[in-house]
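In what follows, a single structure is set out as structure tokens and then discussed.
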Amino acid sequence: MESCHGNGIKIDNRLKNLRYDTPEANRAENTYDRGERNSQARLTEAAVREIKNLKGRVSPTALAHRFGVSVGAINGVMRGLNWAWLH
């Protein structure tokens, strides 16, 4: 069991907004941060789509420079390791 936020806002820790549930239920409600909602994200969904569309036509190094991220981040997107849910 884990803490879940009813409205999906992790900083809203009012008792009426909290409950215990399974990790699966928490993920199903999208109350976790992924993609642009993650405070650590350096790419947008639009940028990821563009990177995926340019795969094989532009080098990972050039894309990394263009989007201000590491080559590893670009390779992760291209290999489906990062932003895998985004098609």
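The values are calculated or read from the model by the stated rules, or taken from the named source; none is laboratory data. On a predicted model such as this, the values are computed, not experimentally measured, just so you know. Positions of Cβ are backbone-derived with ideal geometry, glycine not excepted, and every protein chain shown enters the neighbour counts. Quick note on the areas: whole protein, heavy atoms, side chains included, nothing else; ligands and nucleic acids left out. Shrake-Rupley method; radii C 1.70, N 1.55, O 1.52, S 1.80 Å.
Against the list (1) open to solvent by 70 Å² or more (accessible area, probe 1.4 Å); (2) closer than 30 Å to Met1 by Cα, the condition Arg79 fails is (2).
Every test in (1) touching a strand residue (DSSP E or B) at 6+ places or on another chain (Cβ under 7 Å); (2) on the phi > 0 side of the Ramachandran plot is passed by Gly56 save one, and that test is (1). Taken as a whole, the condition of being among the aliphatic types (A, V, I, L, M), assigned to a helix (DSSP H, G or I) and either at pLDDT below 85 or out of contact with any Asp or Glu (no Cβ under 7 Å at 6 or more places or on another chain) (or both) does not apply to Ile9.
Of all the residues that make up segment 12-62, how many are within 11 Å of Leu86 (Cβ to Cβ) and in contact with a helix residue (DSSP H, G or I) (Cβ under 7 Å, 6 or more places away or on another chain)? Steps first, please.
Filtering segment 12-62 for residues within 11 Å of Leu86 (Cβ to Cβ) gives 34-36, 43-49, 51-52.
Next, from what is left, pick out any that are in contact with a helix residue (DSSP H, G or I) (Cβ under 7 Å, 6 or more places away or on another chain): 35-36, 43-45, 47-48, 51-52.
The total comes to 9.
Can you tell me which of Leu63, Leu18 is aliphatic (A, V, I, L, M) and surrounded by 14 or more Cβ atoms within 10 Å (Cβ to Cβ)? Selected residue: Leu63, the only one of Leu63, Leu18 that is aliphatic (A, V, I, L, M) and surrounded by 14 or more Cβ atoms within 10 Å (Cβ to Cβ). Name the single residue, out of those in segment 21-37 being modelled with pLDDT under 80 and in contact with a Phe, Trp or Tyr (Cβ under 9 Å, 6 or more places away or on another chain), that is least open to solvent (accessible area, probe 1.4 Å). Within segment 21-37, the match that is least open to solvent (accessible area, probe 1.4 Å) is Asn26.
Quick check on Gly68: is it at positive phi and open to solvent by 50 Å² or more (accessible area, probe 1.4 Å)? No.
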